[in-house]
Amino acid sequence: MTSLRPSDLAREHGLSAQAVRNYERDGFLPPAERTDSGYRLYTEVHAAALRAFLALVPAYGHATAGRIMRALHGGALDDALALIDRGHSGLLRDRETLAAVRDALDRLTAERAGPTEATETTRPEPGPTEATEATGPGARRAWTVGELARHLDVTPATVRKWEEAGVLAPARDPATGYRAFRADDVRDAELAHLLRRGGHPLDHIATVVRRIRTAGGADALAASLGDWQRRLTARGVAMLHAATHVSHCLTLLDLPSRPSTNSATSPPDPQHA
């Protein structure tokens, strides 16, 4: 097998030779043989491992990519596959969260644009979502937990449960210590209510609401959904790209790289079906 120097591996990826040596030190590449004078001798196995690691980074992150490669070099294929499975599972959760955010924003926009007469008659007086919050005379105070509960037609205990789950994070009135639900809190509660009606669990809803808070509000988040979608797509494509390099690496490491033809999950032979 042809011997390669660190600089040979580095040149392909625009890296320094020291970076390649560091990757070997960290276990991302298998240990290199040494010449009598101490120089490293790399092979195509090392070149394939480096390609696999660098392809894994944009798909799973640097730390997870490193753990996957260390598991492969240690012969722990199932451990490596479990890390890959968790990455795919996380991407699926992100896609589901994005879909839930879009659905919730669409529903919230529709409900605010065209409230029914019945809804209008059962809501409390204009609150922080309908009047400008201010500190001067005439400003509408924040809603209490009871007012918010009536607004959503839920019990106060439900609102408190959402707070415990991290969905809501109201401030406290400094004078009374009571919860004070302001405009952003009401928005978060309305989204939570919509998502709960759609069957989403509270931990999922908390993730959605955190996204909105981080984005700076529902309008800002709506504008960023396209970018969020593009990032998820790029990550999914990166996973596919990484899979080809990992599969080639498995072959060179003499680890299983293809499904067994004797597997119980193999599709039936058409001639014997």
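Which one is nearest to Ala76 (Cα to Cα) among residues in the stretch 1-38 that are hydroxyl-bearing (Ser, Thr, Tyr) and out of contact with any helix residue (DSSP H, G or I) (no Cβ under 9 Å at 6 or more places or on another chain)? Explain how you work it out, then say what you get.
Taking the stretch 1-38 as the starting set, the residues that turn out to be hydroxyl-bearing (Ser, Thr, Tyr) are 2-3, 7, 16, 23, 35, 37.
Among the residues that remain, those that are also out of contact with any helix residue (DSSP H, G or I) (no Cβ under 9 Å at 6 or more places or on another chain) are: 3, 35, 37.
Values: Ser3: 26, Thr35: 29, Ser37: 32 Å.
Result: Ser3.
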Inset, instruction - Among the candidates Thr43, Thr35, Thr64, single out the residue that is surrounded by fewer than 21 Cβ atoms within 10 Å (Cβ to Cβ) and within 18 Å of Thr244 (Cα to Cα). - result: Thr64
Inset, instruction - Quick one: which helices (runs of 4 or more DSSP H) lie wholly within the stretch 8-83 and hold at least 1 residues that are touching a residue at least 40 places away in the same chain (Cβ under 8 Å)? - result: 44-60, 62-73
Inset, instruction - Provide a single number: the residues in the stretch 47-61 that are out of contact with any strand residue (DSSP E or B) (no Cβ under 7 Å at 6 or more places or on another chain) and either farther than 14 Å from Ala243 by Cα or among the polar types (S, T, N, Q) (or both). - result: 1
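Collect the residues in the stretch 219-236 that are at pLDDT 85 or above and of a type outside the set (A, V, I, L, M), keeping them in residue-number order. Give the steps one after another, and end with the answer.
Just the residues of the stretch 219-236 that are at pLDDT 85 or above, to begin with: 229-236.
Within the stretch 219-236, Gln229, Arg230, Arg231, Thr233, Arg235, Gly236 meet the criteria.
Please verify whether Leu194 is closer than 20 Å to Arg211 by Cα and either not assigned by TED's automatic domain parsing to the domain that holds Arg210 or not in a helix (DSSP H, G or I) (or both), treating the condition exactly as stated. Let's see the steps before the verdict.
Values: closer than 20 Å to Arg211 by Cα: yes; either not assigned by TED's automatic domain parsing to the domain that holds Arg210 or not in a helix (DSSP H, G or I) (or both): no.
Here the answer is no, as Leu194 does not meet what is asked.
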Legend entry - Subset of the stretch 65-85 [more than 16 Å from Leu54 (Cα to Cα) and in contact with a Cys (Cβ under 8 Å, 6 or more places away or on another chain)]: none
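Could you go through the stretch 118-132 and let me know if any residue there is assigned to a helix (DSSP H, G or I), modelled with pLDDT of 75 or more and hydroxyl-bearing (Ser, Thr, Tyr).
Initial filter on the stretch 118-132 (assigned to a helix (DSSP H, G or I)): 118-122.
Remaining after also requiring modelled with pLDDT of 75 or more: none.
No, the stretch 118-132 has no match at all.
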Legend entry - Evaluation of Val101 against (1) at pLDDT 95 or above; (2) not assigned by TED's automatic domain parsing to the domain that holds Leu250 (one fails), failing number: (1)
Legend entry - Yes/no for Thr176 being modelled with pLDDT of 90 or more and of a type in the set (S, T, N, Q): no
Inset, instruction - Kindly check whether there is at least one residue in the stretch 210-218 that is crowded, with 17+ Cβ neighbours inside 10 Å and either modelled with pLDDT of 80 or more or not in a helix (DSSP H, G or I) (or both). - result: no
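The values are calculated or read from the model by the stated rules, or taken from the named source; none is laboratory data. Treat the numbers as computed from the prediction; the structure is a model and nothing was measured. Quick reminder, even Gly has a Cβ in these numbers, built from the backbone with ideal geometry, and neighbours come from all protein chains shown.
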